Every structure is written in structure tokens, then in C-alpha cells.
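The structure appears right after this line, and notes come after that.
The values are calculated or read from the model by the stated rules, or taken from the named source; none is laboratory data. What you see is a predicted model, and the numbers here were worked out from it, not measured in a lab. A quick note on method: Cβ atoms are made from the backbone with ideal geometry, for glycine too, and the neighbour counts reach across all protein chains shown. Just so you know, the surface numbers come from the protein's heavy atoms only, side chains and all, with ligands and any DNA or RNA stripped out. Shrake-Rupley method; radii C 1.70, N 1.55, O 1.52, S 1.80 Å.
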Amino acid sequence: DMKHRSRLISLVKRLFRDDFLTDVGLRTRSKNTNEPLGDMIDYHGMRTVWPMFNFMIIEGLRRHGLYRLARQLEIWVINGINEVGNFPEFM
């Protein structure tokens, strides 16, 4: 329905803004969010991109028919993995 579609579009627009999007996928947390554990610990933070989480988002995008966006995100993540040379826990 229209309400569901509106929420989906809003969520996707939010995720693909500059504060989440990187050249290798989506950050775990926005660049605009304070680090709860200080500047030195960023395991699930604004400086990390987790391929596994990104692939979960890619699957969700596909389930909602957003195939081109899912493919683009997949390409960014795979390019990052190729740059690292293996499948890292996070980038």
C-alpha cells in the first residue's frame, strides 16, 4: 500500500545519504552519530562497513523490487572486498 511504500522510500533515501554511504557500501552508523564508547573504539561504528550487513540490506532491497539499487550496492561492496583481497569481517 501507499503508506508502506512511502516508509520504504524514506528509509532507502536515508540510508543512501552521504553520512551512511561510502565507496565500499553502507556504514554501520551515520557519520553524524556520536561514538558511545569514545573516539578510539569504532567496531560497529561510523568508520566501519560490514559486508555481511550490506548483503542483508541488498537482499531486502531486492525483496522490495529495488533491483538496480541492490545491484549498485552489491558492486560497491564487492569492489571493496576485491580491493582488500579477501572477505573481511569489516572494512
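Results, tabulated for the structure shown:
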quantity: Unit charges on C-beta of K, R, D, E only; dipole of the chain, Debye; calculated: 640 debye
quantity: Net lengthening on full extension, Asn32/Arg7 (0.36 nm per residue, minus Cα-Cα); calculated: 6.8 nm
quantity: Other-chain or far-sequence residues with amide H under 5 Å of Val49's (modelled H); calculated: Met91
quantity: Mean residue ellipticity (222 nm) of the chain, computed from DSSP H runs ≥ 4 via -39,500 (n - 2.57), nearest 500; calculated: -16000 deg cm²/dmol
quantity: Lys/Arg +1, Asp/Glu -1 at C-beta; the chain dipole; positive extreme among Pro88, Val49, Gly60; calculated: Gly60
quantity: Sites Ile75 and Asp19, calculated FRET efficiency, Cβ-Cβ separation with R0 30 Å, nearest 0.05; calculated: 0.90
quantity: Distance cut-off 18 Å, percentage of C-alpha pairs in the chain lying past it; calculated: 47 percent
quantity: In Å², nearest 10: area of Leu69 left accessible to a 1.4 Å probe; calculated: 50 Å²
quantity: For Arg27, distant residues with modelled amide H under 5 Å away; calculated: Leu21, Thr22
